[in-house]
1. Output wanted: per-residue J couplings in Hz (rounded whole) for segment 151-157, from phi through Karplus 6.51 cos²θ - 1.76 cosθ + 1.60, θ = phi - 60°, x for Gly and Pro.
2. Just the number please: accessible area per residue for segment 245-389, 1.4 Å probe, all protein chains included, in Å².
3. Enter the angle in degrees (range 0 to 90, nearest 10) between the Cα long axis of helix 377-389 and the first principal axis of the Cα atoms of the chain, meaning the one along which they spread out most.
4. Pulled fully out, how much extra length does the chain show between K305 and Q122, if you take 0.36 nm times their separation in residues and subtract their Cα-Cα distance?
5. Treating only the Cβ atoms of Lys and Arg (+1) and Asp and Glu (-1) as charged, compute the dipole magnitude of the chain about its Cα centre; round to the nearest 20 debye.
6. So what does the Cα-only Debye profile of segment 246-312 read at q = 0.12, 0.20 Å⁻¹, as log10 I(q)/I(0), no solvent term?
7. Once a ≥ b ≥ c are taken as the square roots of the eigenvalues of the Cα gyration tensor of segment 126-189, is the result rounded (a/c under 1.5), prolate (a/b larger than b/c) or oblate (a/b not larger than b/c)?
8. Could you pull out the trypsin sites (Lys or Arg not before Pro) across segment 167-264 that fall in loop regions by DSSP (anything but H, G, I, E, B) with no more than 11 other Cβ atoms inside 10 Å?
Amino acid sequence: MTKPTRIDPADLLAVGDLLSDEERLIRDTVRKFTEERIRPHLGDWFERGVFPARELAPELGALGLLGMHLDGYGCAGAGAVAYGVACMELEAADSGLRSFVSVQGSLAMRSIHAFGSEEQKQRWLPGMAAGELIGCFGLTEPDFGSDPANMRTRAVRKGGGNGDWVLSGSKMWITNGSIADVAVVWAQTEEGVRGFLVERGARGLTATDVHGKLSLRASVTSELSFDEVVLPADAVLPGVTGLRGPLSSLNEARYGILWGTVGAARDCYTAALDYAKSRIQFDRPIAGFQLTQQKLVEMMLEVEKAYLVALRIGRLKEQGAVRPPHISFGKLNNVRTALEIARSARTILGANGITTEYPVLRHANNLESVLTYEGTSEIHTLVLGEAITGESAYR
Ligand SMILES: Cc1cc2nc3c(=O)[nH]c(=O)nc-3n(C[C@H](O)[C@H](O)[C@H](O)COP(=O)(O)OP(=O)(O)OC[C@H]3O[C@@H](n4cnc5c(N)ncnc54)[C@H](O)[C@@H]3O)c2cc1C
């Protein structure tokens, strides 16, 4: 293991030295891709509220980033930390980009990989890994977010027995919803909650994009409506019944978030640091004022702590020892940290901080969604509260 030889303001504790050569290579490759290919367009995409998924997906696929932590079926089979550092670099660019990769790989592909039949895996996973096919994951409904057990979307067997299914209901806030070739949709059945693969163009399926978002603007968010959509008997994911299915995939995606937000936080901190060194007020760089230094030092401390938290959880995951409260620890701490850093960085940039020319308010706005999706901060507090007290406080 290498020793830190110089002080790097972006990683003062040299946490990056704790990564393997392969993990560092992945980090640097993804960083280069985002800097060259993504960052120059982000302000524009955010302002226009677009994400060119069809164009980018094959490029992300070629880099091995889609379903990166899954084995076989064209997936890269990377370790947990390697996947984590990729998420960190993707979200250093924009949470919308990381969300696309998370939904594709950790929610849609992972659900098919873990619970699908061999035929379903062969049908979808190689194309999704290559970025030729796009997936989404529908759990949340207009009336049920934190409490998915009460979902209303329902699938019933037509004529009973082993016949076709008829799916009715709606899903809300679905990332990639209107652009997906396949939606993994969770619905109540007589047997309990089951997952269904709904193909683009299915009769009775309508996708409507959510407009007016002030957060995650460079990301497609949609409502999916199912008006008696007839699905073949083999559209169901055979490997799971019950909420364990969607919740286990959400745990995978949350793992990506606890890394991703380290990237968003670092990007805000380094943007503020660079700006503070060049912005002159009262005849000196604002970096020379104690109040500015205090803000920058607080940011730097918190970025490094969040990075260490992510790395610790990543290594636990690699050992097969990670449990949901570990993931909740990381998601709760690292999203909150990133949001606070983004807001503090915004103040250092003064008026420039409110524009899309700099990334900080874009990150801050994005992080409001990240705070809410994949389990709100309150729900993760309750997961941790139960883990340490043994008392469940959800209802
Ligand atoms: C941009 C974006 C993309 C998304 N993408 C997807 C997606 O791809 N697929 C998908 O299925 N969903 C997606 N979601 C939905 C997301 O997962 C939900 O928004 C989230 O689960 C919270 O649900 P809710 O918004 O209905 O809030 P609610 O559950 O109504 O919660 C409202 C408030 O009440 C609090 N609350 C609820 N219950 C309790 C309790 N027991 N104790 C204390 N406080 C409580 C919450 O913490 C929150 O503060 C996305 C959301 C956003 C914003």
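1. Using θ = phi - 60°, the values come out as 3, 9, 4, 9, 10, 10, 6 Hz.
2. Accessible area per residue, segment 245-389: 43 Å².
3. Tilt relative to the chain: about 90 degrees.
4. 61.8 nm
5. Result for the chain is approximately 480 debye, rounded to the nearest 20.
6. -0.42, -0.79
7. Since a/c reaches 1.5 but b/c is at least a/b, the shape of segment 126-189 is classed as oblate.
8. R203
The values are calculated or read from the model by the stated rules, or taken from the named source; none is laboratory data. Not measured: the values here are computed from a predicted model. A quick note on method: Cβ atoms are made from the backbone with ideal geometry, for glycine too, and the neighbour counts reach across all protein chains shown. Keep in mind that these areas ignore ligands, DNA and RNA; they rest on the heavy atoms of the full protein, side chains included. Shrake-Rupley method; radii C 1.70, N 1.55, O 1.52, S 1.80 Å.
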